[in-house]
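For reference, the structure is listed below as C-alpha cells.
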Amino acid sequence: MAAESTIMRPSSRSAARPALLTHLVRTVRQQQLFVPGQHVLVAVSGGPDSVALLSLLHRLARSWRLTLTAVHCNYGLRGAESDGDESFVREFCRERQLSLVIHRPILVKRRHRSSLQAGARDARYNFMKRLAHEVGADQIAVGHTANDQAETVLMWLLRGAGMAGLAGMPYAREDGIIRPLLAATREEVLTYLNREGLTYRRDSSNEKPLYHRNRIRKELLPVITGLAPAAVRVLQRQADLLREDEQYLTGITNKLVRALVSHDSKGVQRVDRQAFNELPVALQRRLVRAVLRTYDEVGRASSVRVVESVRRVSLKGRSGARLSLKQALVILDQGSVRFSPTIEKDHGHETDSGQGKREALPFPVPSTVYWARTNQQIQVQLMARRAAEKMDRAPSQGLALFDADRFSEPLSVRAWQAGDRFSPHGMKGKSKKLQDFFTDRKVARLERGKVPLLVAPEGILWVVGMRQDERFVVRGGTTRCLVVSVSNRTSEKE
C-alpha cells in the first residue's frame with residue numbers, strides 16, 4: 001500500500017502584503033524573468049514550494065496582466081498518494097479559477113531509482129516545453145528555492161565539477177524555464193504558507209534516503225548549517241557569483257573559438273596550435289570543451305580527464321600524434337590541433353584482415369585513456385612491487401602488472417598492424433604473430449581491429465584483456481611495477 005502524503009494546515013490568513021511576494025517581484029525584475037502581459041505556465045506538484053509559487057503569481061496576475069496555466073504531472077509512482085496530489089492541485093486551482101493541465105506520463109522503470117527520478121524530471125520538462133509551444137506561453141515557472149540551489153551546489157561539489165557545475169541552477173534557462181523563488185529560502189516559503197493559511201502536500205519519497213539529493217538535504221546540509229547557520233544563503237550567493245564569472249568566461253571562450261578555430265564542410269575543425277598553447281590553462285580547457293561539445297549529440301560537456309588528454313597532446317605531442325575520443329578523433333596536423341567527427345581511414349594501410357587505421361594514443365605515465373572501439377578506460381601508474389601486488393593477488397583480465405625496468409617510454413595504445421608479433425606469456429619466450437594468436441583465440445577478423453594493444457618502444461606489452469608479453473612480466477627481481485587497469489565505461493561524465 002502506498003504511503004499517504006501529509007496535508008499541512010497552517011494558521012489563519014494574514015492581510016499584510018507578504019514579504020515573499022516582495023522578494024519574488026524583486027527577483028523577477030532583477031533577473032528579467034517575465035514582464036507584464038505574458039503567459040506563464042506554472043509547474044505545480046502540490047508541495048510547499050510549487051503551491052507558494054502559484055499562489056504568489058496568482059496574486060500578481062491582475063496587476064501584471066498575467067495569463068497563468070498550472071501544469072501537474074501524475075506519474076502514478078506512489079499509487080493513491082500520487083492521485084491524492086492530483087486531487088489537491090485540482091481543488092487548489094478550482095478555488096482560484098486557474099486553468100490546469102494534468103499530464104500522466106508513462107515512465108519505464110529503470111534499474112536505478114535515481115535514473116527513474118531523472119526520467120520523471122525529463123518527461124515533465126519535455127511535456128511543459130511542448131505545451132508552452134502549443135498554447136503560446138512565454139515562460140515556464142518552477143518552484144526551486146535557495147535550499148534546492150544549495151543542495152545542487154553541494155552535489156556538484158562532491159562530483160568534482162568545475163565552475164559551470166558550482167554555479168548551480170540559473171534563474172532563467174534558454175528553453176524558457178524560470179525560477180522566481182531561487183533567491184528565497186524554504187523557511188521563507190513555509191512562513192508565507194503559514195501566514196496565508198495555505199495547505200500543501202508532502203511527498204513521502206522526499207523523506208527517504210534513497211536519492212543522493214535526499215541524503216544531502218537530510219544528512220549533510222543540517223551538519224553544515226550547524227557549523228554555519230547562514231550556509232544556504234552563502235551557497236546560493238556563491239552560485240550567483242560563480243554564474244556571473246562563468247557567463248563572462250563563456251563569452252571570452254566564444255570569441256576565442258571564432259578567432260582560433262576554423263571549420264570545413266566535413267565537420268573538421270582546426271585550432272591554431274601555437275596560439276592555443278600560449279593561452280592560460282583555464283582558457284585552454286574551455287576552448288577544448290567548447291570544440292568537443294559540438295561533436296556530442298546533445299551538446300554535453302566533456303570530462304576533465306578527456307579535456308586534459310587533448311591539452312597534453314597539443315602541449316607535448318609530436319606532429320602526427322592521434323587521440324581517439326568518444327566524441328572525435330584529435331590529430332596534431334601541420335601546426336594545428338585537428339578535430340574530426342569520425343575515425344578516418346589511412347588510405348593505403350587498410351588490409352583484408354579487418355585491420356583499422358593506425359592511430360596510436362599517447363599514454364604518458366601516470367594517465368588514463370579512453371579506447372572508443374571497445375568503450376574501455378585504460379589507466380597506467382607506477383608502483384612499488386609490494387603495493388602493486390596488494391591490488392589484486394589473482395590474475396585478472398582487468399588488471400596487469402609489468403616490470404617497469406624492462407621497457408622504456410613513451411607508451412601508446414593502438415590497434416594491431418599487419419606483421420605484429422609478441423611473445424605470449426606462458427610460451428617460454430617463443431614469439432607468435434598476433435594474427436595467429438587471434439586465430440587461435442577465435443577472434444573474428446572484424447573484431448581484431450577493436451582490441452587495444454599497450455605498446456612500448458621495445459614491443460607489445462599487453463594484448464589488453466587477453467595476454468601479456470613474456471618479456472615484460474613481473475619476475476623475482478622486479479622492484480618497480482607498471483600497473484595497468486581496464487574498466488568498461490557506459491557514459492561520459494563531467
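The values are calculated or read from the model by the stated rules, or taken from the named source; none is laboratory data. Keep in mind the model is a prediction, meaning the values are calculated, not measured. When we count neighbours, we look across all protein chains shown, and the Cβ atoms used for this are built from the backbone with ideal geometry, even at glycine. Ligands, DNA and RNA are excluded from the accessible area calculation, which covers all protein heavy atoms including side chains. Shrake-Rupley method; radii C 1.70, N 1.55, O 1.52, S 1.80 Å.
For P(r) over Cα pairs in 10 Å bins from 0, in percent, the candidate list reads [x] 3, 15, 21, 20, 16, 13, 8, 3, 0, 0; [y] 4, 17, 22, 17, 11, 10, 10, 6, 3, 1, 0; [z] 4, 19, 28, 26, 17, 6, 1, 0; the entry that matches the value derived from this model is [x]. For Y370, the solvent-accessible surface computed with a 1.4 Å probe is close to 20 Å², ligands and nucleic acids excluded.
For region 208-304, with every protein chain kept in place, what is the accessible area per residue (1.4 Å probe, Å²)? All intermediate terms of the calculation are to be shown ahead of the outcome.
Working: 5850 Å² over 97 residues.
Solvent-accessible surface per residue comes out at 60 Å².
Figure note: T479, T199 ranked by solvent-accessible area, largest first, 1.4 Å probe, ligands and nucleic acids not counted: T479, T199. Residues in region 189-197 carry Karplus couplings, in order, of 5, 5, 4, 4, 4, 5, 5, 8, x Hz; the curve used is 6.51 cos²θ - 1.76 cosθ + 1.60 with θ = phi - 60°, and Gly or Pro positions show x.
With a cut-off of 13 Å on the backbone N, the residues of region 311-333 near the modelled label site 7 Å out from L279 along Cα-Cβ are 311-312, 314-315. A helix-only calculation puts the chain at -11500 deg cm²/dmol for mean residue ellipticity at 222 nm, using -39500 (n - 2.57) for each DSSP H run of at least four residues, averaged over all residues.
Rounded to the nearest 10 degrees, the angle from helix 281-293 to the longest Cα principal axis of the chain is 90 degrees. Round to a whole number: what % of the accessible area of the chain belongs to carbon and sulfur, probe 1.4 Å? Ligands and nucleic acids excluded, carbon and sulfur give 49 percent. In loop segments of region 8-96 as defined by DSSP, the trypsin sites (Lys or Arg not before Pro) with at most 16 further C-beta atoms inside 10 Å of their C-beta are R13, R65, R96. In a fully extended conformation the segment linking T294 and N254 would gain 13.1 nm over its present Cα-Cα distance, using 0.36 nm per residue. Relative to the Cα centre, the charge distribution of region 430-489, modelled as +1 at Lys and Arg Cβ and -1 at Asp and Glu Cβ, gives a dipole magnitude of about 140 debye.
Kindly state, to the nearest 0.05, the FRET efficiency for K266 paired with A418, given R0 = 45 Å and r defined as their beta-carbon distance. Let's see the in-between values first.
Numbers: r = 28 Å, r/R0 = 0.63.
Efficiency for this residue pair is about 0.95.
Considering only F88, W156, P180, the residue lying farthest towards the positive end of the dipole of the chain is W156, judged by Cα position with unit charges set on Cβ. What FRET efficiency would be calculated for the residue pair N214, L382, taking the C-beta separation as r and a Förster radius of 41 Å, to the nearest 0.05? With R0 = 41 Å, the Cβ-Cβ based efficiency is 0.50.
The magnitude of the dipole of the chain, with charges of +1 and -1 set on the Cβ of Lys/Arg and Asp/Glu and taken from the Cα centre, is near 640 debye. Counting only alpha carbon atoms, the long axis of helix 48-64 and the longest principal axis of the chain meet at about 60°.
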